[in-house]
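The structure under discussion appears below in the form of structure tokens.
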Amino acid sequence: MQKYWSIFKISFEQEFAYRLNFILWRVRNVFQILLTYFLWSTVFSNPQTEIFGYDRTKILTYVFGIMIVRALVLSARAMDVSSDIAQGDLSNYLLKPLSYFKYWFTRDISSKALNLIFAAIEFAVLFVILKPPFFLQTNAVALLAFFVTIILAVLIYFFLLFLISSIPFWAPELGWSSHFLVTVVIIEALSGSLFPINILPGLLQSIALALPFPYLIYFPVEVYLGNITGTALIGGLMIAVAWTGVLWIALNFVWQKGLKVYQAIGR
Amino acid sequence: MTKRFKKYFKIWWMMSRNSFSVVLGQRLALSFFLVGKILRFIFFFGFLYFLLLGNSTLAGYTSNQIIFFFLTFNLIDVITQFLFREVYNFRPMIINGDFDLVLVKPLNALFRVLMGGADIIDLITIPPLIILTIYYGALLHPAFYQTMLFLVLLVNGFLIATAFHIIVLSFAIVTLEVDHTTMIYRDLTSLGRLPVDIYKEPLKAFLTYLIPVGIMMTLPAKAAMGLVAPMGILVAFLVGAIALIVAFRFWNYALTKYSSASS
Amino acid sequence: MDRAVIVDNLVKNFEITEKEPGLSGAFKSLLSPKKKTVHAIRGISFSVQPGELVGFIGPNGAGKTTTLKTLSGLLYPTSGFVEVLDYDPWERRPEFLKQISLVMGQKNQLWWDLPAIETFELNKAIYEIPGREYEANLKELVELLEVEKFLNTPVRKLSLGQRMRMELTAALLYKPKVLFLDEPTIGLDLVAQQKMRDFIYDYNRRYGATVLLTSHNMDDLVDLARRVIVIDEGKILFDGALEELVTKFAKEKIIKATLSKEDGIANLETIGKVKRLAFPEVVLSVPRSATAVAAAELLQNFPVEDLTIEEIPIEDVIRKVFKGGLRK
């Protein structure tokens, strides 16, 4: 346990090593939120507007909710695994008395902790400046369910990142391009970062909700807002759990195969 | 003067050919990026389309107009990506010391690090984008002079983008710590996917005059719609000129601060 | 132009930011970074005639590479005067750049994924080398450096030695008048090192190019440089012929012996100063003038199996000089 705490600390420090870098990273996050916020603020500039079950209050709460959930879920270092594999640095870790998965998970948590602190500050500042209508959840069940969805989201994202990062086992030159395609483009679009998934028309929405991506951002925020309850909540949670399980099994399988290939090549 | 231009054009052609050959050697990665770029465009395009389906308006603009704003953004974005992809290679170049070898050649260093790695993927994405822009532009029925104004302001926007890339490069020399400046630039400009009118003050003023995303992207599209006053056009050119001057000055200053990797 | 390189009282400082370790240090550096000034060059002066081959030697971080980079226009002098081929290097005029070449060990200007010939063609365009001249130079260099077979191999598939030779070709295609070589033999095996030195020597003699090279490898200097400039901590300690350096500052030589028996070891002190004793090896240092006598005595009076006489390592000489000053 002690060694994981050290890893946590070092990972935390490393993000600070490039301080201007880190500040700019947070600034970027803020800009991304601003686009979404103003887009929706304008769409709902007429206070009477109601689209797809959202009114101005709900949608702007959604946007602010995204800020916190993103820091919790999408802050991760596990993307770097692909370069570890492509450049052969994985060997160093395989030699250590350390679980590679746990190592990266610890680093992810460290990153999330750091980003959460800053996201909270930005949240407070933007809240004061923009004064959005915000909804504070008080229902204990909703809060508990929210907590569970966050944990599931963190795990799903971690497994996804690791799976994509495993591609370099077979094709070392595909490290960044795979992440670009999936982690950057697909997840940005389908996780709910830009728009709540339920504004999609019927069939598209069903397809989207069958995929793991909405359970990263959209599902947790909606549960917090109390928009998803009862059977829908149970149903959603089951899909999220199913995806967590499927991805975990897939990851283990892929990883075993990948390690064999890796060690055969002897990078 | 023309002799110099010919030399630089020839060298640009050779460097672009080189970077194309390199990329073609990694066909799978190339297709991943291509698909990713296309998907990203389709997602946002589709999102706007569905959002404004059925004659809704956004900040007073019709669906076609909003899409035209989005296309104008993409045009400038893609062309700068195509020409200036080498910028993403600059920080590693400084860290491993290869930048020294660039400086020591009788070829303008800025030219080399800005334009040395044209992106072949965009050769594929640019033509369809131009066609789409023309299509949606035509739907707006602009007068001839409005179309001309659009093109001129588009070029102006591109020049501002160039100035920004130069500033980003200069930052990379002065402070090695900055990994993300290019990405910040892209995040800022991506705010231009929609007309800057949707942003509240003071963000809107910030985006129009300080980091002139509004002038780069919103203004040309507005010109095509006949919504720009002569004053606005004048300001646009002024900003463009100032941006370029500041950028070059900053680059020259940055070189005096260059400390080179240790041996 | 009577001198190829003139340097007068050159000073170069760098500013770096320091970071404290630990979590609190990390937070502190976020808010108030600590800056430190590094005095890389503290006022050096020298000049070089056209066609000379000069070696800069000194420990790591001494300022040799910084000097070379300032002379090629990469770094901006903090103060002082620098002139190369009658140009101010900092201005980086194309006419100036076409006459100099900078080669740094293990750094490449060659495009990594493409055959070296592509980079050569690109350089032809950049340096505006006329077609016939380019072909002639290329042929000559390729033959001299024995790289004909690899011209069409992607650079990343070449060995380090082959790559260095390609780098040299790329650097010399336009027959520069001044050659700056920074650690040209670093990372090469002994055979490749020798070949590199032979080539540099040959090139200097054949074309009268002025060569300034830096190294912390003694063999480079012994083989190549008639004139040596010793730099340590940003100052010139010595500027002159190599033989002078050793005789002037190395007052002693080293005798290493392997003994077959332990008798009489205590008496080794009568021959010279015992620097190290770990039977059967013993290392003595004796005054330079007395070396032959000491060696003879050793062989006569002690059971010596093997004996070598060596110079004191150049790094020791430098360290010694710096401590003792030039008054010796």
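The values are calculated or read from the model by the stated rules, or taken from the named source; none is laboratory data. The model shown is predicted, which means the values in this text are computed figures rather than measured ones. Backbone-built Cβ (ideal geometry, glycine too); neighbour counts: all protein chains shown.
In the stretch A:202-222, what residues are exposed (fewer than 14 other Cβ atoms within 10 Å of the Cβ) and of a type in the set (A, V, I, L, M)? Within the stretch A:202-222, A:LEU203, A:LEU204, A:ILE207, A:ALA210 qualify. All told, B:PHE206 meets the bar of being among the aromatic types (Phe, Trp, Tyr), part of a helix (DSSP H, G or I) and within 15 Å of A:LEU35 (Cα to Cα).
Every residue, every condition in (1) modelled with pLDDT of 90 or more; (2) hydroxyl-bearing (Ser, Thr, Tyr), yes or no:
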residue	(1), (2)
B:PHE44	no, no
B:LEU48	no, no
B:ASN55	no, no
B:PHE70	yes, no
B:PHE73	yes, no
B:ILE76	yes, no
B:THR80	yes, yes
B:MET93	no, no
B:ASN96	no, no
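Scanning the stretch B:198-233 for residues that are touching a strand residue (DSSP E or B) at 6+ places or on another chain (Cβ under 9 Å) and within 14 Å of chain A (Cβ to nearest Cβ) yields a single hit, B:ILE198.
Residues in the stretch B:22-34 that are assigned to a helix (DSSP H, G or I) and loosely packed, with under 15 Cβ neighbours inside 10 Å: B:LEU24, B:ARG27, B:LEU28, B:SER31. Just a yes or no: is a residue in the stretch C:254-268 acidic (Asp, Glu) and either within 14 Å of chain B (Cβ to nearest Cβ) or not in a loop (DSSP other than H, G, I, E, B) (or both)? Checked the stretch C:254-268: no residue is acidic (Asp, Glu) and either within 14 Å of chain B (Cβ to nearest Cβ) or not in a loop (DSSP other than H, G, I, E, B) (or both). Summed over the stretch A:72-107, the residues that are modelled with pLDDT of 80 or more, more than 14 Å from A:SER166 (Cβ to Cβ) and among the charged types (D, E, K, R) give a count of 2. Being out of contact with any strand residue (DSSP E or B) (no Cβ under 6 Å at 6 or more places or on another chain), under 30 Å from B:ILE66 (Cβ atoms) and within 14 Å of chain B (Cβ to nearest Cβ) is a property that A:LEU74 lacks.
Which residue out of B:ARG85, B:ARG27, B:ARG4 is out of contact with any strand residue (DSSP E or B) (no Cβ under 8 Å at 6 or more places or on another chain), away from chain A (no Cβ under 12 Å) and farther than 23 Å from B:LEU188 by Cβ?
B:ARG4
Among the residues of the stretch A:157-212, those identified as within 8 Å of another protein chain (Cβ to nearest Cβ), closer than 26 Å to A:ARG77 by Cα and not in a helix (DSSP H, G or I) are A:ALA171, A:LEU194, A:PHE195. Exactly one residue out of B:TYR49, B:TYR61, B:TYR88 is hydroxyl-bearing (Ser, Thr, Tyr) and crowded, with 20+ Cβ neighbours inside 10 Å, and it is B:TYR61.
When residues in the stretch A:71-112 are screened for being buried (at least 16 other Cβ atoms within 10 Å of the Cβ) and outside any helix (DSSP H, G or I), 4 of them pass. In the stretch B:64-74 there is no residue that is within 11 Å of chain A (Cβ to nearest Cβ), within 25 Å of B:ALA138 (Cβ to Cβ), outside any helix (DSSP H, G or I) and not aromatic (Phe, Trp, Tyr).
When we screen C:ASP202, C:ASP220 for residues that are touching a Lys or Arg at 6+ places or on another chain (Cβ under 8 Å) and within 27 Å of C:GLU244 (Cβ to Cβ), the only hit is C:ASP220. Is it fair to say B:PHE90 is of a type in the set (Phe, Trp, Tyr), farther than 19 Å from B:LEU191 by Cα and away from every other protein chain (no Cβ under 11 Å)? The answer is yes for B:PHE90.
Of all the numbered requirements in (1) in a helix (DSSP H, G or I); (2) touching a residue at least 24 places away in the same chain (Cβ under 8 Å); (3) hydrophobic (A, V, I, L, M, F, W, C); (4) more than 20 Å from B:ILE79 (Cα to Cα), B:VAL228 misses one, and that requirement is (1). Selection within the stretch A:130-141: residues that are out of contact with any Leu (no Cβ under 8 Å at 6 or more places or on another chain) and on the phi < 0 side of the Ramachandran plot. The member of this set that is surrounded by the fewest Cβ atoms within 10 Å (Cβ to Cβ) is A:LEU136.
Scanning the stretch B:150-177 for residues that are farther than 14 Å from B:PHE237 by Cα and among the hydrophobic types (A, V, I, L, M, F, W, C) turns up B:PHE164, B:ILE166, B:ILE167, B:VAL168, B:LEU169, B:PHE171, B:ALA172, B:ILE173, B:VAL174, B:LEU176.
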